[in-house]
Each structure stands twice: as C-alpha cells, then as structure tokens.
1. For the stretch 240-246, just list the computed ³J(HN,Hα) in residue order, Karplus coefficients 6.51, -1.76 and 1.60, θ = phi - 60°, integers in Hz, with x standing in for Gly and Pro.
2. Per residue of the chain, what 222 nm ellipticity follows from adding -39500 (n - 2.57) for every DSSP H run with n ≥ 4, rounded to the nearest 500?
3. Which one of Ala131, Met254, Gly360 has its Cα pushed farthest toward the positive end of the charge dipole of the chain, where Lys and Arg give +1 and Asp and Glu give -1 at the Cβ?
4. What does a probe at Ala334 reach in the stretch 115-130, counting residues whose amide N is under 20 Å from the point 7 Å along Cα→Cβ?
5. Give me the percent relative contact order of the chain, please, defined on Cα pairs under 8 angstrom at least 6 residues apart.
6. My understanding is that a pair violates if its Cα-Cα distance is over 22 Å; which of Lys10/Lys62; Lys248/Lys357; Lys32/Lys109 do that in this structure?
7. List the residues whose amide H sits under 5 Å from the amide H of Thr56, counting only those 5 or more places along or on another chain, with H placed 1.01 Å from N in the peptide plane.
8. Given H placed 1.01 Å from N in the peptide plane, which residues other than close sequence neighbours of Thr217 have an amide H under 5 Å from its amide H?
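Here, each number is a calculation from the coordinates, and none is a lab measurement. Being a predicted model, the structure only gives us computed values, none of them experimental. Backbone-built Cβ (ideal geometry, glycine too); neighbour counts: all protein chains shown.
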Amino acid sequence: MLVGVPKEIKNHEYRVGLTPPSVHELVARGHKVMVQHNAGADIGLSDDQYLAAGATIVETAKEIFARAEMIVKVKEPQPVECAMLREGQILYTYLHLAPDPEQTAALVKSGAICIAYETITGPGGGLPLLAPMSEVAGRMAIQAGASHLEKSKGGMGLLLGGVPGVAAGHIVIIGAGVVGTNALQMAVGTGARVTVLDKNIDRLRQLDLVYGNRISTLFSNAHAIEEAVLSADLVIGGVLVPGAAAPKLVTRSMISRMKKGAVVVDVAIDQGGCFETSHPTTHAEPTFVVDGVVHYCVANMPGAVARTSTFALNNATIGHAVALADKGWRKALADDVHLRNGLNVCQGKVTYAAVAKDLGYDYVSAESMLG
C-alpha cells in the first residue's frame, strides 16, 4: 500500500502522523511511504531521517492526497484537506466529529473511509489510541492552570502550593479517567489541596487507596460539582463520553459565582467541552475570560509538547496502521472489532452511532459496510 503523511496545518500543530521508526516498520513489510517535506522538522525529525527509514519525500500535501491510498495524520483534516480527500481513500487520524458538523459533512461528501483514533477500543476496554494524548493533556492541564493563575496571565496571583504560613490553592478535577488520573499525579505534586469527582465509586476507592489523605474524593453529582467548583482556584474538566459530545457539567451560573481570577482548563474541548462557557482556543491565544474566570480551552494541548506526543501517539497507532496496510481496510476491520469501532464515516455514510445521533445523520453499522 502507498501511505501518505502530510505536514499538519492546524494552528501551532507540530506533531506528525508517522515517525521514522514507524515508516521503517511499514517499509520493512513491503509498503511505500510518502512524507511531505519538513513534516517533522519542527520536532527534530528531519527529511534525512525519513529517507534513511525508506520514505520518499514530496513537496506538497496535494501530491500526497492525490496519490496515497491511506493518509496518516494527527489532527482532524482542515477544510482544504477535506477537499483533497477522494472516494475509497483511507483516512487514519483523530477526528472528534460529534461537535464538528462541518467536518462531518465534508468527510461524508468525500466518500473516504475515515477511521478515528479516539473511538478505537482496546481488548481490556478503554481507548488505547486516545490514552497517550489524554495522559499528556492531563499532565499539561496542571502546568497550564498553574501558569495562568499568575497575575500577569490574568489569574488571581496564586501559587498553588502556597508557602509556610500561607494556605495552598484548591484544585478540583472533574473525571477520574486517564485525563483526571494524570492531572491528579501532577496536582498532588504541587502541594495544593486536591478534590477529585467521578461517578465510578470503584475508581474513587482505588485513588483513595493510592493517595490517602493527600486528596479528597467526591461522588459526582450536580450538587457536589457546584460546591467544589465554587471553592476552587483551578478546575480541570476531564470528562469523556466516547465519540459523543461532552456533557456540560459546569454551568454558566456556576462560572459566574466562582472566585475572580480562578482558572478552568477544559481538556474535553475536542468533544465540545464540559464547561458551558467553553469554546476552542489555540496555543497562539490560549485563554479568554468569562465573568472574571480565566478559561484555557486549547483544542490540541499535546501539540505544545509535540515531540513527546508524537512518539507516544505512534506507539499506539502503528499496529493498526500496519494492519490496514497489510490487509486493506475491509479485511482489517472485519478481523478486529476494536479497529472496526474506529470507523466513523465510510463511503458517504456515518458509521458511529454517537456521531449520527449528535449530528442528525442516519446511522449505518460498520459491519454493513464490509461486504
């Protein structure tokens, strides 16, 4: 199979779909890989490294989209990229379609086979291709929050850990999944007071066993969220409903009653966000203020640590990329229910139930497209 890797064009996105070791893996199995000139240059992956791994370097994304049988990316295709997709071409990348009707419509129109990293499941449950980026984003959320609590960044001028004689700040983490757990690891390290909310009592029990009296755990309901948020200096939103729009757990009313200069970090913004006041931002302009509360809602947080993120992502994605290249999409999806769960749009049909429901499309099962 001829595999193409275009340079990412989303604002401040420096990750790349395949690393040189991943290219080597595909080439060693008899496939051909085209990589756009300087696709990985911003994170220290030179064209020479790709050439040494067996890739061909081409100048433009247009050539890659015109020739490749499978496109491997990181972020969802931008409108100019959607316009270059063609019928029968495989697109393997993050999509996050539920809050994005324009992209969904463009992918449906393209006739391409669109496989989303974020809905591929794992044998032990969970979302193994989303997990590495959730780990990065969870850890970064505390860094970003701590930074924007500084007065010069619009915050109240608070040091999360306090100092002797001065109370520490209060971090509230909504959701104890991969994002929340990684945020928690960093949060405890700051010396702040930390509260974690989740609906899964078993998960809270596990965290309590690990962290003991260094954290407080609360069962998540509207009352508990409101009480926690109103006392917080920093709130991390890390709630995910796989493939669907994130639930709005923190209302505009709650935001209006929070401390002035508090910070909220919405890690769920890729799926629409879990704060009612959220809208996506970029690394160039990461924050905005609503009712005196600083909102950090960068939709590609891991892009800020793009080298770490690229290698972590490739560890998770290369196995399925090899399967798709070796077998073709129909057989690869037929053989592996977990990969099949990644099929979101196929030949003009929406094949992921949550996306179809959220955006008003007729749902067509992935299995029915494999005949």
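1. Rounded to whole hertz, the list is 10, 10, x, x, 10, 5, 5.
2. -10500 deg cm²/dmol
3. Looking along the dipole axis, the top candidate is Met254.
4. Counting only backbone N, you get 115.
5. 18 percent
6. Going by Cα-Cα distance, Lys32/Lys109 fall outside the 22 Å limit.
7. Distant-sequence amide H within range of Thr56: Val33, Met34, Val35.
8. Excluding prolines and chain starts, which carry no amide H, the hits are Val196.
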